[in-house]
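Worksheet: the structure to be examined is printed underneath.
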Amino acid sequence: YVPSPQSVVADMLKLADVGPRDFVIDLGSGDGRIVLTAAKVFGARGFGVDIKEDLVEAANQAAVQQGVADRVKFYAQDLFKTDVSKATVLTMYLLPDTVNRLRDKLLTELKPGTRVLSHDYPITGWMPETYEHMDLADKVPISGVTTTFIYLYLVPARVAGHWRVKTPSRFARHMTIDFKQEVNRISGTARIDGRKTSLADAELHGERLSFRLREGNAVFSGTVKGRSIEGLFTAGSKRRHWSATRSRSAS
């Protein structure tokens, strides 16, 4: 058991903008300090899991003592078998091998836009939204160094595949987009009335999508909701609505 220093816990939760509407799940929760702080200081709800029953018992006792037992709970169970789908924020301070073994689980179970905080160790293949680097004296007893990293990720929506796009007819009568995706990195091509053009500056931040058409320089932004996208695009001086539906044959 290696705890996150108390001095970094609030910074982690602030980085993820945790608030009363959030449900925080901590994998490897130890003495419960992250979920307890999320509830007591930021008004959130949530739970933590750990395989050590004595730590779980102590964390539940602390929840009672701190007056947040109605909003948080701790369980003695395997983090790989824990259903994390309820989380709006997921936190972890785990060894690199464990962090990366969780990648597929996080992508499969967490909703797009869920904030994921990893203390010290990045998730291989994921681009963080942001990260903080701090030097903390109370980290020395834990790791022997003062260096501390906090990585913030957003679970990406699934956009890979073929999309049929609707825009005003004055812009395009027939438009499709084919997206390629590697976690939260995306690229693609568009066909506009038979003309093919590539996408530039394509970005995916949780459910938020943006890109530019190399031909014509139109700039699109939108929100992904399952198999649909709704948003606005700018072409010249005009700002217009666009939408898209993913082909049923897309993966």
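Among DSSP beta bridges lying fully in the chain, give the percent that are antiparallel, nearest 5. For the chain, the DSSP antiparallel bridge percentage is about 75. Just the protein heavy atoms count here, and of the accessible area of the chain at 1.4 Å, carbon and sulfur take up 50 percent. Among Thr234, Thr124, Thr114, the sequence by solvent-accessible area, most first, with a 1.4 Å probe is Thr124, Thr234, Thr114. Per-residue 3J(HN,Hα) values for region 194-202, derived from phi via the Karplus relation 6.51 cos²θ - 1.76 cosθ + 1.60 with θ = phi - 60°, read x, 8, 9, 9, 8, 8, 10, 6, 6 Hz in sequence order (x marks Gly and Pro). Rg and Dmax over the alpha-carbon atoms of the chain stand at 21.4, 67 Å. Our coupling estimate for region 13-19, obtained by passing each phi through the Karplus curve with A = 6.51, B = -1.76, C = 1.60 and θ = phi - 60°, is 5, 5, 4, 8, 6, 5, x Hz, Gly and Pro reported as x.
Here the 3J(HN,Hα) profile of region 36-52, calculated from phi with Karplus coefficients 6.51, -1.76 and 1.60 at θ = phi - 60°, is 4, 5, 4, 6, 6, 9, 10, x, 7, 10, x, 8, x, 10, 8, 8, 9 Hz, Gly and Pro shown as x.
The values are calculated or read from the model by the stated rules, or taken from the named source; none is laboratory data. Everything quoted here is computed from the prediction, not taken from an experiment. Side chains included, ligands, DNA and RNA excluded: accessible areas come from the protein's heavy atoms. Shrake-Rupley method; radii C 1.70, N 1.55, O 1.52, S 1.80 Å.
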